[in-house]
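Before any comments, here is the structure.
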Number of protein chains: 2
Amino acid sequence: MELRGVRLAVLAAISWPAPPPGYGPWEQIAFNVADGMRRRGLDVTLFATGNSHFDGKIVSVVPVGLNEDPALNVEVFTALHTGELFARAHEFDLINNHFDWKPLTYALGSSAPPMLTTVHGFSSPQILAAYYAAAARSFYCSISNADRDPGLDYLATTYNGIDPEQFTFRERAGEYLCFLGRFHPEKGTHLAIEIAKRAGVRLKIAAIPQDEAYFREAVAPHIDGDRVQFLGAVEREARDELLGNALALVHMTTRPERFGLTMIEAMACGTPVLGARMGSIPEIVVDAVTGYLCDDVADAVAKVPLLASLDRRACRARVVAEFSVERMIDRYAEAYVKALELRLPPPPSEEKLRERRHDWWDRPMAYTEIPPKPENLRFS
Amino acid sequence: MELRGVRLAVLAAISWPAPPPGYGPWEQIAFNVADGMRRRGLDVTLFATGNSHFDGKIVSVVPVGLNEDPALNVEVFTALHTGELFARAHEFDLINNHFDWKPLTYALGSSAPPMLTTVHGFSSPQILAAYYAAAARSFYCSISNADRDPGLDYLATTYNGIDPEQFTFRERAGEYLCFLGRFHPEKGTHLAIEIAKRAGVRLKIAAIPQDEAYFREAVAPHIDGDRVQFLGAVEREARDELLGNALALVHMTTRPERFGLTMIEAMACGTPVLGARMGSIPEIVVDAVTGYLCDDVADAVAKVPLLASLDRRACRARVVAEFSVERMIDRYAEAYVKALELRLPPPPSEEKLRERRHDWWDRPMAYTEIPPKPENLRFS
């Protein structure tokens with residue numbers, strides 16, 4: 001099937017403009033998809049904030065990002081942004097929703113064209129109720145094979161992609177480990193610190209605040225400006241330098257990672273990843289080629305001496321081959337063709353229905369912690 | 001036009017079941033409308049919580065009220081409850097929305113039948129954005145003539161109604177004033193206290209907590225168990241007795257009241273209202289007949305000696321004639337006929353468009369306080 005000329009609506013998140021000037025992964029992905037499809041000849045309309053920049057058509061109901069002006073009522077503009085898409089749905093051949101689960105509840109009563117929802121995350125188990133309810137109305141894409149709910153059918157895995165040209169390849173391995181992300185136990189900053197200390201290697205941390213108590217108790221006491229350095233949040237050149245000059249990125253999560261953009265950013269610079277063997281990490285890191293998959297802290301410590309001998313070219317090559325924006329666009333294009341051919345998802349199988357664990361009717365779902373896995377990766 | 005047999009969907013709020021066992025005014029009104037229309041021969045489906053009780057059809061996506069089980073995710077079930085209505089919209093001839101503004105954003109992209117939204121309140125000026133956006137899609141009813149946004153067209157005023165038989169008429173005027181409601185400066189508990197003290201009359205207060213600092217500073221210091229008595233929250237018989245044995249209900253609001261259910265409850269008992277001349281109060285209270293409309297505290301104090309000579313039968317009669325459930329159903333029935341004949345609202349006039357004061361595009365709306373009016377009714 002020819003995608004050229006297909007009228008595509010891309011619904012972006014509106015916490016930030018698209019593309020976002022700094023943080024804003026959902027807006028960035030939606031922008032990359034919209035822009036990639038525009039370059040491939042689709043007739044793309046991006047639903048995004050009014051201060052977004054896109055070489056195709058933009059539709060906006062909110063002037064700036066909801067995080068940019070605290071006076072804006074998040075509920076009101078979330079609903080109007082979504083409502084506007086469905087009000088214009090008949091103008092499109094296909095909708096790609098990057099704006100979480102609420103648009104699914106609008107799709108239930110809409111005669112909109114085929115719709116594909118990229119599941120960027122499950123913020124609460126209860127939002128599964130919306131995914132289940134709309135399973136016959138929207139196709140779903142996961143951002144890794146690991147990040148799939150067993151009660152849902154998925155049309156495709158559409159890994160996130162980056163532009164490798166935005167990252168400088170450095171051939172020589174550096175001498176420090178680095179941690180990049182946000183301060184939350186599930187990101188395992190405390191494990192990165194423990195590994196660096198036990199391996200006798202310097203650690204540089206660049207992260208945004210999230211869980212303050214965690215930072216205060218598990219991270220801050222170790223920061224000494226020498227063995228453990230904290231650089232604050234880093235963007236663009238600083239990020240490129242921090243990643244590119246490192247021996248490895250430490251990504252020892254304590255809960256399954258959905259995708260993990262920092263890993264492919266590091267690899268684009270040639271820097272391998274020391275990662276936990278859980279979630280999406282085994283799909284991104286090729287063990288003993290672009291980093292190491294570790295079962296616990298001791299395993300990771302044992303792998304540190306091996307990092308410098310990995311071929312940094314292989315790291316870069318893996319990103320170019322599998323995790324570039326163009327590769328992401330390829331995957332979305334394949335999913336779009338399938339969605340346009342099928343029009344609507346088939347009804348879920350009996351097996352999928354059996355897997356729908358959360359019965360919010362008989363027993364309202366409480367927030368269920370996903371247990372850390374493997375067991376020995378714990379907040380020490 | 002004959003309404004018998006019309007397939008009506010009533011979308012209730014889901015904080016509580018319909019009807020609610022205690023507090024829950026929106027659920028109560030939606031239930032009363034659904035039940036009244038069912039009694040008049042319409043084919044009614046009530047969208048409400050699973051523990052609701054209705055002699056027609058009920059559709060539920062949530063087992064109990066969102067306020068009854070804190071484990072339920074309010075956003076998820078609000079969206080699914082609304083989405084379910086629009087998913088079934090083709091099964092109905094008419095939709096009456098009592099679930100605030102969000103369903104309007106669903107209506108934008110829906111080919112649902114004629115829809116009538118009862119505006120129970122404007123919780124934030126920004127929700128006007130949704131009312132404006134959907135003005136060509138849903139008809140609007142206000143719950144008083146006073147509670148209308150100048151930028152919107154309204155199909156009708158559908159005053160709330162009560163069942164007068166639920167309230168005992170008492171012929172003899174009591175000797176105390178009473179205040180019923182919630183502790184918030186806009187409800188004017190402090191003014192009721194001042195009026196009672198200056199008039200030398202006892203005050204009995206029954207209210208639910210809301211603004212704690214206000215209660216602590218402006219109300220609690222005056223409670224002495226004698227001249228100013230606080231009874232907590234009262235329901236059913238206790239409420240009936242408190243209202244029925246009073247000389248008058250004091251309702252000196254400092255911001256325009258939208259409707260004011262307690263006033264018609266008092267009047268149903270034969271008890272007149274000492275009310276502020278603002279908002280909906282002049283539509284409900286007939287000055288010098290079912291109470292007094294007061295310009296300020298001094299005016300109200302001067303009216304206290306006149307209260308006992310008002311004809312308490314006139315108070316009851318006004319409720320039976322104008323504010324009964326049956327009268328409310330009459331008003332809704334008229335509005336339904338209009339909506340079914342017109343199908344869609346006409347486009348707003350230039351004049352209405354000019355009145356749309358809140359321009360959230362050029363200048364995001366900050367929450368604007370409605371100034372107290374008259375000026376001398378202030379939080380002392």
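The values are calculated or read from the model by the stated rules, or taken from the named source; none is laboratory data. Quick caveat: nothing in here was measured; it's all calculated off a predicted structure. Positions of Cβ are backbone-derived with ideal geometry, glycine not excepted, and every protein chain shown enters the neighbour counts. Keep in mind that these areas ignore ligands, DNA and RNA; they rest on the heavy atoms of the full protein, side chains included. Shrake-Rupley method; radii C 1.70, N 1.55, O 1.52, S 1.80 Å.
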(request) Give me a single rounded figure for B:59-69: the average over its residues of other chain Cβ atoms within 10 Å of their Cβ. (result) 2
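In the stretch A:1-120, how does Rg compare with the Kirkwood Rh, expressed as the Rg/Rh ratio over alpha carbon atoms?
Taking Rg over the Kirkwood Rh, I get 0.94.
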(message) Strictly over 23 Å apart at the Cα level, which of A:LYS187/A:LYS303; B:LYS197/B:LYS303; A:LYS197/A:LYS303; A:LYS102/B:LYS352; A:LYS102/A:LYS187; A:LYS102/B:LYS57 would you flag in this model?
(response) A:LYS102/B:LYS352; A:LYS102/A:LYS187; A:LYS102/B:LYS57
(request) Keeping the other protein chains in place, figure out the carbon and sulfur percent of the accessible area of the stretch B:104-163, with a 1.4 Å probe. (result) 48 percent
(message) Bins of 5 Å, beginning at zero and ending with the bin holding the largest distance: percent of Cα pairs per bin for the stretch B:155-308, please.
(response) 2, 10, 20, 24, 23, 14, 5, 1, 0, 0
(message) At 0.36 nm per residue, and after removing the present C-alpha to C-alpha distance, how many nm does the segment from B:SER111 to B:LEU306 gain when stretched out fully?
(response) 64.6 nm
(message) For the pair B:LEU340/A:VAL74, report the inter-label distance in nm, with labels modelled 7 Å from Cα in the Cβ direction.
(response) 4.3 nm
(request) Please identify which residues in the stretch A:110-129 have an amide N closer than 14 Å to a label point set 7 Å out from the Cα of A:ARG148, following the Cα→Cβ vector. (result) A:119
(request) Hey, for a label at B:ASP55 modelled as a point 7 Å past Cα toward Cβ, could you say which residues of the stretch B:288-332 have their backbone N under 17 Å away? (result) B:325-327, B:329-330
(message) Kirkwood hydrodynamic radius, chain A, all distinct C-alpha pairs: what's the number in Å?
(response) 21.7 Å
(message) Just to be sure I understand: if I project the alpha-carbon convex hull of the protein assembly as shown onto a plane and average over all orientations, what area do I get in nm²?
(response) 36.1 nm²
(request) May I ask you to compute the full-extension gain from A:ASP330 to A:ARG40, defined as 0.36 nm times their residue separation minus their alpha-carbon distance, rounded to one decimal in nm? (result) 103.4 nm
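Defining a contact as two alpha carbons under 8 Å apart and six or more residues distant in sequence, what relative contact order in percent does chain B show?
For chain B, the relative contact order is 17 percent.
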(request) For the stretch A:36-101, just run the numbers: alpha carbon Rg, then divide by 2.2 N^0.38 Å, N being how many residues it has. (result) 1.16
(request) With r as the distance between the Cβ atoms of A:SER124 and A:GLU217 and R0 = 35 Å, compute the FRET efficiency 1/(1 + (r/R0)^6) and round to 0.05. (result) 0.85
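To the nearest whole number, what is the average tally of beta carbon atoms from other chains within 10 Å of the beta carbons of peptide A:90-103? If you can, show how the numbers build up before the last one.
Values: counts 2, 0, 0, 0, 0, 0, 0, 0, 0, 0, 0, 4, 8, 1.
That works out to 1 on average.
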(request) Give the longest segment of chain A that steers clear of trypsin sites (Lys or Arg not before Pro) in DSSP loops with at most 13 neighbouring Cβ atoms within 10 Å, not counting the sites themselves. (result) A:173-342
